[in-house]
Amino acid sequence: LFRSLPPPSSSGLPPLPPAVAGKHFTHIVVIVQENRTFDNLFATFPGADGTRTGKTHDGGTITLKKSNLESKPSPHNGFLFWSRDYNGGAMNGFDTVAVGNLPGTYVYQYVDPAQVKPYWDLAKEYVLSDHTFQTQGSGSFTAHQDLIAGGSAISGTEHLVDYPDDRPWGCDAPSGTWTSLINEQNNFQAAAGPFPCLTYRTLRDLLRPQNIPWRYYAPQVGYSFAGDLWNAFDAIAAVRSDSNEWGTNVIWPQTLIFKELTAGTLPSVSWIIPDYANSDHPGNNSDTGPSWVAQVVNAIGQSSAWDTTAIVLLWDDWGGWYDHVKPPGALRFGGLGFRIPMIVVSPYAKQGYVSHKVYQLGSVVRFIEDNWGLPTLGQTDATSPDFVNDFFDFSQPPRSFEPINAKYSRAYFKAQKPSNKPVDTE
């Protein structure tokens, strides 16, 4: 059904109702990057829980190599590989997972801070969380679901895990596409789940009755590999089948966020997904990811929305890279997964603050729910800790915004054509 309907063109900005003020913010913007652990990007950040060494399965220790952001191979990051890395909680199995023709020791790396300077500059100026964990030890598909639904439970006993076995990862997938499942005891069932056109509730179902406007800015499904993999709402039947939402609330290309900010029409809730070329996904042979994020943040900071906005920047999954911190709690339904970086930017964010408290992807969903007094979706958002009282100081006047320096300009991204490059299926 869905593949027979070409996605509508969204070259402009379909109208939305005005943004609605919440308890603390009128706008919450979630910027999603790709496939990095905390140690991979912030191993040497002052005051953070990073490391320069890693453990190997034979009891040895290996020094993490300072490396480029660009990585030609892409490490494995499905659940079964995650389990080997996790190694019963010892966090020392990473060297047992080969990376193509390279040994598993390849993933013991940290990125040269000079190559991710915009991220470090944001972390130094605002809030860096060093104990945010992916909800599952899984790939991008479920991570993006976690950011709109707080989880991927399709029943009380089974959750989705990893990714569909064909793309696009959603209602536009070819007939015969299946998802994979995991139960509470972490038993993995490959291709045993439903077609990836799902019926569980998302934040859309909470925002819509309250007339709280939202948008999901992403590359176009069917015309971009990033759009085929990272558009979470393509997997939500209620949105994909609604012509009043698909192309209006879910909108492409992702660079329309700049036009929205110039027009002064930023919705209350936004998710911003990069083109593959501007993601930090290993294997894309690109260094533009930090500049992409910096230019989105700069556009928000220089807009009329700045004083009433919180920006949550995070990386969707661990990407196969080494991390030394064991996920807390009992391992259930494949999680918690490994650490991912999270940076929160706001005129009310504490300055230069590194938080060591434990959060997960569901905390972002809860942040949105609590800000507008919405009910819970009943997935991990119901139990995830909220970070409002940790990250923000509302007794201070809103700070003025100082632009983040970046290698690539906003004009570069606005003029950039979609990459349409093949991407791995993780």
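Have a look at 74, 30, 107 and report the one farthest towards the positive end of the charge dipole of the chain, computed about the Cα centre with Cβ charges (Lys/Arg +1, Asp/Glu -1).
Sorting the options by dipole projection puts first 30.
Per residue, how much accessible area does the chain show when a 1.4 Å probe rolls over the protein heavy atoms, in square angstrom?
Spelled out: the 1.4 Å probe surface of the chain, per residue, equals 35 Å².
Can you find, among 56, 311, 340, the residue sitting farthest towards the positive end of the charge dipole of the chain, where Lys and Arg contribute +1 and Asp and Glu -1 at Cβ?
The Cα lying farthest towards the positive end belongs to 311.
Note down the magnitude of the dipole of the chain about its Cα centre, charges +1 on Lys and Arg C-beta and -1 on Asp and Glu C-beta and zero elsewhere, to the nearest 20 debye.
In debye, rounded to 20, the chain gives about 600.
Give the distance, in whole Å, between the Cα centre of the stretch 38-53 and the Cα centre of the stretch 69-137.
If you average the Cα positions of each part, the centres end up 11 Å apart.
Test of understanding: in a Gaussian network model of the chain with alpha carbons linked when under 10 Å, which of 335, 319, 176 would top the mean-square fluctuation ranking?
Looking only at 335, 319, 176, the largest GNM fluctuation is found for 176.
Highest GNM mean-square fluctuation, the chain, Cα pairs closer than 10 Å: which of 304, 74, 243?
Sorting by GNM fluctuation, first place goes to 243.
Do me a favour and compute the ellipsoid semi-axes for the stretch 152-218 from its Cα gyration tensor, root of five times each eigenvalue, largest one first, whole Å.
25, 17, 9
Once you've got the GNM for the chain with C-alpha springs shorter than 10 Å, pick whichever of 73, 164, 274 has the biggest mean-square fluctuation.
73
How much of the accessible area of the stretch 3-136, in percent, comes from carbon and sulfur atoms when a 1.4 Å probe is used?
That share works out to 53 percent.
At a 10 angstrom cut-off on C-beta neighbours, averaged per residue, how do the peptides 231-237, 325-331, 42-48 rank from highest to lowest?
So the order, starting with the most tightly packed, is 231-237, 42-48, 325-331.
What number, rounded to the nearest 500 deg cm²/dmol, is the helix-based mean residue ellipticity at 222 nm of the chain, given -39500 (n - 2.57) per DSSP H run of at least four residues and division by all its residues?
So the calculated ellipticity at 222 nm is -5500 deg cm²/dmol.
Sorted by packing (mean other beta-carbon atoms within 10 Å per residue), highest first, where do 212-221, 284-293, 406-415, 108-117 land?
212-221, 284-293, 108-117, 406-415
Rg and Dmax of the stretch 177-251, Cα atoms, in Å?
Expressed in Å, the Cα Rg and Dmax of the stretch 177-251 come to 14.3, 40.
Looking at the stretch 195-345 only, what percent of DSSP beta bridges run antiparallel? Nearest 5 please.
40 percent
In this model, which of 72/326; 117/259; 66/117; 124/259 are farther than 18 Å apart at the alpha-carbon?
72/326; 117/259; 124/259
Give the residue from 250, 237, 188 lying farthest towards the positive end of the charge dipole for the stretch 141-263; charges sit on Cβ (+1 for Lys and Arg, -1 for Asp and Glu) and the dipole is referred to the Cα centre.
250
Share of the stretch 290-399's accessible area from carbon and sulfur, percent, 1.4 Å?
50 percent
Cα convex hull of the stretch 132-185: mean projected area in nm², to one decimal?
Directional mean of the projected Cα hull area for the stretch 132-185 stands at 4.2 nm².
In debye, nearest 20: dipole of the stretch 268-399 around its Cα centre with unit charges on the Cβ of K, R (+) and D, E (-)?
Taking the Cα centre of the stretch 268-399 as origin, the dipole is about 300 debye.
I'd like to know how the chain sits against the 2.2 N^0.38 Å rule of thumb: what's its Cα Rg over that expected value?
Normalised Rg, Cα atoms only: 0.90.
The values are calculated or read from the model by the stated rules, or taken from the named source; none is laboratory data. Small disclaimer: the values here were computed from a predicted structure and weren't measured. Cβ coordinates were reconstructed from backbone atoms using ideal geometry, including for glycine residues, and neighbour counts include every protein chain displayed. Ligands, DNA and RNA are excluded from the accessible area calculation, which covers all protein heavy atoms including side chains. Shrake-Rupley method; radii C 1.70, N 1.55, O 1.52, S 1.80 Å.
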